[in-house]
Amino acid sequence: MSDQALRDHVLYVLKGGGAHLGFEQAIDGLPRELRGAKVDGCPHTAWRLIEHMRICQWDIWQFSVNPDHISPEFPDGLWPATDAPPDDAAWDACVHLFRGDAQAMIDLVADPSIDLFAPIPHGDGQTILREALLVADHNAYHLGQLAMLRRCLGDWKD
């Protein structure tokens with residue numbers, strides 16, 4: 001497989017291709033009143049999932065490119081403190097930042113000058129390929145949770 005073919009496959013997954021649910025599809029039409037809604041037996045709300053994804057994606061991307069980056073404390077620093085966003089502006093900012101950081105990771109993988117297999121100099125064996133796949137995997141997992149949560153709330157259209 002060529003280097004470009006590998007990049008194309010990873011980019012496809014990062015963008016929600018194949019069996020992966022895309023971010024836009026997962027949040028499309030989610031009513032404001034359900035952003036903090038809970039379902040019995042489910043530990044997370046839509047806000048908790050989306051904000052957690054944003055924080056983790058940002059953390060992974062920053063780790064990948066910034067040797068001075070300090071990750072949030074695990075696990076508490078990776079989750080929001082509240083079940084619902086404080087206001088519409090917080091939700092909108094979260095969604096905007098998620099999209100921007102997703103694009104930054106896509107741009108990193110798409111850059112042919114980046115060796116996807118080279119160990120990240122400030123890491124302990126991680127590569128850009130591994131971090132990109134971690135973002136794709138983590139997002140897919142939590143987007144699936146969001147779809148199930150929305151289904152349980154009666155707000156998911158197949």
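The values are calculated or read from the model by the stated rules, or taken from the named source; none is laboratory data. A quick note: this is a predicted structure, and the numbers were derived from the prediction, not measured. Cβ atoms come from the backbone with ideal geometry, glycine included; neighbour counts cover every protein chain shown.
Tell me which of these Pro67 doesn't satisfy, since it passes every other one: (1) assigned to a loop (DSSP other than H, G, I, E, B); (2) within 30 Å of Ser113 (Cβ to Cβ); (3) over 15 Å from the mean Cα position of the chain (by Cα); (4) at pLDDT below 95.
Of the numbered conditions (1) assigned to a loop (DSSP other than H, G, I, E, B); (2) within 30 Å of Ser113 (Cβ to Cβ); (3) over 15 Å from the mean Cα position of the chain (by Cα); (4) at pLDDT below 95, the odd one out for Pro67 is (4).
Could you identify the single residue in Asp83, Asp111, Asp87 that is closer than 28 Å to Gly29 by Cβ and loosely packed, with under 13 Cβ neighbours inside 10 Å? It would help to see each step written out before you state the result.
On the way: Asp83 fails: loosely packed, with under 13 Cβ neighbours inside 10 Å; Asp111 fails: closer than 28 Å to Gly29 by Cβ.
When all the criteria are applied, what remains is Asp87.
Taking the criterion of being more than 19 Å from the chain's Cα centre (by Cα), modelled with pLDDT under 95, under 26 Å from Leu153 (Cβ atoms) and surrounded by fewer than 20 Cβ atoms within 10 Å (Cβ to Cβ), would at least one residue in region 42-60 satisfy it?
Taking region 42-60 first, the residues more than 19 Å from the chain's Cα centre (by Cα) are 42.
Narrowing further to those that are modelled with pLDDT under 95: 42.
From what's left, under 26 Å from Leu153 (Cβ atoms): 42.
Filter again for surrounded by fewer than 20 Cβ atoms within 10 Å (Cβ to Cβ), leaving 42.
Checking region 42-60: at least one residue is more than 19 Å from the chain's Cα centre (by Cα), modelled with pLDDT under 95, under 26 Å from Leu153 (Cβ atoms) and surrounded by fewer than 20 Cβ atoms within 10 Å (Cβ to Cβ).
Take the residues in region 110-124 that are farther than 15 Å from Pro67 by Cβ and among the small types (Gly, Ala, Ser); name whichever of them is farthest from the chain's Cα centre (by Cα).
This residue is Ser113.
In this structure, is His52 farther than 22 Å from Leu149 by Cα and either among the polar types (S, T, N, Q) or in a helix (DSSP H, G or I) (or both)?
Details: farther than 22 Å from Leu149 by Cα: no; either among the polar types (S, T, N, Q) or in a helix (DSSP H, G or I) (or both): yes.
Spelling it out, it is not the case that His52 is farther than 22 Å from Leu149 by Cα and either among the polar types (S, T, N, Q) or in a helix (DSSP H, G or I) (or both).
Can you find a residue that is out of contact with any His (no Cβ under 8 Å at 6 or more places or on another chain) and closer than 21 Å to Ile128 by Cα anywhere in region 26-46?
Checking region 26-46: not a single residue is out of contact with any His (no Cβ under 8 Å at 6 or more places or on another chain) and closer than 21 Å to Ile128 by Cα.
Determine which member of the set Ile128, Ile120 is touching a residue at least 12 places away in the same chain (Cβ under 8 Å), touching a strand residue (DSSP E or B) at 6+ places or on another chain (Cβ under 8 Å) and either within 30 Å of Glu33 (Cβ to Cβ) or β-branched (Val, Ile, Thr) (or both). Before the answer, list the steps.
Values: Ile128 fails: touching a strand residue (DSSP E or B) at 6+ places or on another chain (Cβ under 8 Å).
Just a single option satisfies the conditions, and that option is Ile120.
Looking at Gly18, Gly22, which one is over 12 Å from the mean Cα position of the chain (by Cα) and not basic (Lys, Arg)? Break it down into steps so the answer makes sense when it comes.
Numbers: Gly22 fails: over 12 Å from the mean Cα position of the chain (by Cα).
It is Gly18.
Taking region 58-88, which residues are touching a Leu at 6+ places or on another chain (Cβ under 9 Å), touching a residue at least 24 places away in the same chain (Cβ under 8 Å) and not aliphatic (A, V, I, L, M)?
Once the filter is applied, which keeps residues that are touching a Leu at 6+ places or on another chain (Cβ under 9 Å), touching a residue at least 24 places away in the same chain (Cβ under 8 Å) and not aliphatic (A, V, I, L, M), region 58-88 yields Trp58, Trp61, Ser64.
In the list Leu116, Leu97, Leu134, Leu149, which residue meets the criterion of being assigned to a loop (DSSP other than H, G, I, E, B) and surrounded by 13 or more Cβ atoms within 10 Å (Cβ to Cβ)?
Values: Leu97 fails: assigned to a loop (DSSP other than H, G, I, E, B); Leu134 fails: assigned to a loop (DSSP other than H, G, I, E, B); Leu149 fails: assigned to a loop (DSSP other than H, G, I, E, B).
Being assigned to a loop (DSSP other than H, G, I, E, B) and surrounded by 13 or more Cβ atoms within 10 Å (Cβ to Cβ) holds for just one of Leu116, Leu97, Leu134, Leu149, which is Leu116.
Quick one: Ala89 ticks every box in (1) in a loop (DSSP other than H, G, I, E, B); (2) more than 28 Å from Gly123 (Cβ to Cβ); (3) over 17 Å from the mean Cα position of the chain (by Cα) bar one, so which box is it?
Status for Ala89: all satisfied but (1).
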